[in-house]
Amino acid sequence: MQRRSFLKRAGLGAVATGAAVSTPAFAQDMPSVSWRLSSGFPSALDLRIGTGESFCKFVSEATGGKFNIRHFPEGEIVSAADLMEAVSTKKVECGHVSSRAYYAKNPIFCFDAAVPFGLNARQMNAWMSEGGGLRLTRELFKPEKIINFPLGNTGAQMGGWYNKEIKRPGDLKDLKMRVGGLAGEVLARLGVVPQQADMAKLAEAFEKEGLQAVAGAGAYDDDKLGLNKVAKYYYAPGWWAGGEQLSLYINDEAWNALPKNYQAVVDAAAQAAHAASTARYDARNPGTLAQLAANGAQIRAFPRSVMDVAFEATQQVYQDLGAKDPKFKAMHDSYMGFRDSEMPWFRLTESAYGQYLGVALSGRI
């Protein structure tokens, strides 16, 4: 069903329009094209990897094998840190990554992925497609010679793993935590000491280097990375990622060289893989969280006092960054303006419905 719908949207099905379709002309518009896609994710994050692989598969199948995009693991051609530059310079035609990876280059890139107290997955989709977000982020990437497409969303994330309970804001003071980007900037203002640590050597960092916490992502990804083995207190919510959007980067020269029907295929394939990604996370996170709890993880919710000081610190970070960069402020105002316009509806319907069911079913599941 999904594939039939995808093929129809790609414009490759036979459509009865009353006009004859010239098979030779159609065939001439189906050249053989080969691209390379470099992933920005470690192999352990199989749902993120799988989203990129699904996109490549859809493109190939929709073009009868004429347009092939080969998927390469992170680091095989280029590292995640260098992926934007690799696409920009056409070292590879395209890449799959979270734009949060380029916070150091420019904090504004984070709006293409996730920012503290920002949009959830559904709201992000709405902002990108209906609220001007895609237009604004395309303008952002234009100097990098990149055309961006949404390609996956993790949904709301967890708030990380800690070796002690966080009961009050003071418990964050001097906490050594592996965290970066805008989240690290906010947490630093609350007394956290952001750390850089190799994800593959976290156990050693906790044992020998005094690391006390790691931001992580969501239950399924964190389990794949083995984060439950380094700390036992698992907090929610991940207020710095209400829904992390992943992105497809395409070199603009490579994009412009594609026939229009191939561009339509890429657009439709990205949309199909994007939607499937969130569905897979929604299907797997609940069971994984239950399994983590059964294996000893202590699930906790951040106290309201911690959430409040984090929210206030976030507003100050945004104000400071906006004062330095008018482009940051413009992106922020569009993004957060859309968030604020969405919240009355979500509070009245989506949130209220979920909260009621959570209470009503609490004694039954």
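No lab work stands behind these numbers, since they all come straight from the coordinates. Predicted, not measured: the structure shown is a model, and the values here were computed from it. Backbone-built Cβ (ideal geometry, glycine too); neighbour counts: all protein chains shown.
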When the Cα centres of segment 308-355 and segment 61-82 are compared, how far apart do they sit, in Å?
35
With the cut-off at 1.5 for a/c, could you classify segment 255-365 from its C-alpha gyration tensor as rounded, prolate or oblate?
oblate
Rounded to whole Å, give me the distance from the Cα center of segment 127-160 to that of segment 176-235.
25
Checked segment 23-98 against the a/c 1.5 cut and the a/b vs b/c comparison, axes a ≥ b ≥ c from its Cα gyration tensor; verdict oblate
Where the only charges are on Cβ atoms (+1 Lys, Arg; -1 Asp, Glu), what is the dipole of segment 252-365 about its Cα centre, to the nearest 20 debye?
460
Figure the gain on full extension for Met30 and Gln316 (residue separation times 0.36 nm, minus the Cα-Cα span) and round it to one decimal in nm.
97.7 nm
Per residue of segment 233-242, what does 6.51 cos²θ - 1.76 cosθ + 1.60 with θ = phi - 60° give for ³J(HN,Hα)? Whole Hz please, x for Gly and Pro, Karplus curve as stated.
8, 10, 9, 9, x, x, 5, 8, 8, x
Pull up all non-local amide H partners of His71: gap of 5 or more, or a different chain, and H-to-H distance under 5 Å with H placed in the peptide plane.
Leu37
Note: Leu348 to Leu361 extended length (0.36 nm per residue) minus current alpha-carbon separation gives 2.7 nm
Label points 7 Å out from Cα along the Cβ direction at Lys164 and Glu85: separation in nm?
4.0
Work out which helices of the chain, taken as complete DSSP H runs, extend at least 15 Å along their axis over the Cα atoms and score a mean Kyte-Doolittle of -1.0 or more, then list them.
46-62, 260-294, 304-324, 326-346
What size of dipole, in debye to the nearest 20, comes out for the chain about its Cα centre when the only charges are +1 on Lys and Arg C-beta atoms and -1 on Asp and Glu C-beta atoms?
480
Long-range amide H partners of Ala156, meaning residues 5 or more apart or on another chain whose placed amide H is closer than 5 Å, are Ala121
Report, by chain and number, residues whose modeled amide H sits under 5 Å from the one on Ser247, excluding near sequence neighbours (fewer than 5 apart, same chain).
Val97, Ser98, Ser99, Leu151
Dipole in debye (nearest 20) - segment 50-133, about Cα centre, beta carbon charges: Lys, Arg +1; Asp, Glu -1:
80
Lys142 versus Ala293: modelled label distance in nm, points set 7 Å from Cα along the beta carbon direction:
4.9
Along segment 63-68, Karplus-curve 3J(HN,Hα) (6.51, -1.76, 1.60; θ = phi - 60°) to the nearest Hz, with x for Gly and Pro, reads 10, x, x, 6, 10, 10
Taking 7 Å along the Cα-to-C-beta vector as the label spot, tell me the Arg122-Asp46 distance in nanometres, rounded to one decimal.
2.9
Residue-wise HN-Hα coupling along segment 206-218, computed from phi with Karplus coefficients 6.51, -1.76, 1.60 (Hz; x: Gly, Pro)
5, 6, 10, 10, x, 5, 10, 7, 9, 5, x, 9, x
